[in-house]
1. Report the relative contact order of the chain, percent, no decimals, based on alpha-carbon pairs under 8 angstrom and at least 6 residues apart.
2. Summing -39500 (n - 2.57) over the DSSP H runs of n ≥ 4 in the chain and dividing by its residue number, what mean residue ellipticity at 222 nm do you reach, to the nearest 500 deg cm²/dmol?
3. Given a Förster distance of 25 angstrom, what is the FRET efficiency for Glu235 paired with Lys256, based on the Cβ-Cβ distance and rounded to 0.05?
4. When only DSSP loop residues count, what trypsin sites (Lys or Arg not before Pro) in the stretch 113-146 have their Cβ near at most 16 other Cβ atoms within 10 Å?
5. Considering only DSSP states other than H, G, I, E and B, which GluC sites (Glu not before Pro) in the stretch 63-125 qualify as loop sites with at most 11 other Cβ atoms within 10 Å?
6. Taking Cα centroids, how far is the stretch 1-73 from the stretch 197-263 in Å?
7. Can you give the FRET efficiency to the nearest 0.05 for Gln48 and Ser102, using r as the Cβ-Cβ distance and R₀ = 41 Å?
8. Points 7 angstrom from Cα along the Cβ direction at Asp137 and Phe263: gap in nanometres?
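Since every read-out is calculated from the coordinates, none of them should be taken as a lab result. Being a predicted model, the structure only gives us computed values, none of them experimental. Note that we place each Cβ from the backbone using ideal geometry, even for glycine, and neighbour counts take in every protein chain shown.
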Amino acid sequence: MKCAVLQLSAQGMSSTKLYNHIRVASRKGVKVLLLGEYILNPFFKELQNLSLSMIKEQALHQSKILKDLATTYNMTIIAPLIIVKKQNIYKTVAKFSPNSTSYYQQQLLINYSHWNEEKFFNNETKAIESPLVFKIDGFKFAIMSGFEIHFDEIFDKLSSKNIDCILLPSVSTFDSFNRWKALILSRAFTNNCYILRANRIGIYEDTDYNWHFYGDSLLASPNGEILEHLGNEEELMIVDMSHTEVVQARRLWGFKEMINKRF
């Protein structure tokens with residue numbers, strides 16, 4: 001399965017870079033393309049100062065572009081997107097495929113004093129459900145928003161679904177570089193699946209300090225190893241993944257078998 005991560009800074013209403021990179025990805029046979037968080041919309045701190053109508057206009061504009069691109073290039077595009085419905089703002093991850101569009105509403109949101117998405121967005125607070133799961137050519141994906149990788153309960157919902165790859169858009173910043181890498185590799189290993197992470201780049205200038213988004217988009221293997229990774233520049237990363245490697249890792253380590261025989 002050939003996939004790609006497009007590592008970008010916030011693009012606003014512009015679509016030039018999306019067009020250019022997706023054309024390249026298409027020529028190289030990419031079937032799934034992943035974007036990081038807050039690339040199509042302004043960063044969270046900026047959203048707080050925008051009108052509802054502006055946020056809605058941006059979402060509609062970007063959705064139309066991505067639907068057209070998915071259809072034109074016969075590609076599935078996974079893109080975090082802020083959407084507005086009935087005067088409510090939701091943080092989602094959208095799946096644009098050639099024939100349909102689906103949305104995964106993020107279930108667990110950051111709620112720290114300096115970064116409180118839970119308070120700002122209208123995402124429903126309810127019992128944890130399975131993330132969005134889909135299949136392409138027999139290869140099974142799950143979509144999980146970056147912050148959700150911290151929670152065992154999300155992975156519990158995926159344990160019986162035999163996921164080959166978790167698609168993880170993120171917006172990691174500050175000094176979290178090593179912690180995020182360790183977390184992703186650990187989750188990939190203990191669940192014996194690929195994790196493809198897309199993290200944005202760029203800077204948001206706050207009144208007190210700057211938020212540096214450091215990139216480091218990567219592909220973790222089912223054995224918990226880094227197969228590919230990027231630095232902190234704009235770049236397209238194309239990766240190959242194998243269902244056979246997932247099956248071999250699960251047979252080798254036997255984690256799931258150990259649990260299943262106890263039920």
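1. Working: 528 pairs, mean separation 51.8, N = 263.
Normalised by residue count, the contact order of the chain is 20 percent.
2. Values: 8 runs with 80 residues, N = 263.
When only DSSP H runs of four or more count, the value is -9000 deg cm²/dmol.
3. Working: r = 35 Å, r/R0 = 1.38.
Approximately 0.15, to the nearest 0.05.
4. Values: sites: Lys119, Lys126, Lys135, Lys140; in loops: Lys126.
For trypsin sites (Lys or Arg not before Pro) across the stretch 113-146 that sit outside H, G, I, E and B with at most 16 neighbouring Cβ atoms in 10 Å, the list reads Lys126.
5. Values: sites: Glu117, Glu118, Glu124; in loops: Glu124.
Passing sites in the stretch 63-125 are Glu124.
6. One Cα centre to the other: 20 Å.
7. Details: r = 27 Å, r/R0 = 0.66.
Between Gln48 and Ser102 the formula returns 0.90.
8. So the label points at Asp137 and Phe263 sit 3.1 nm apart.
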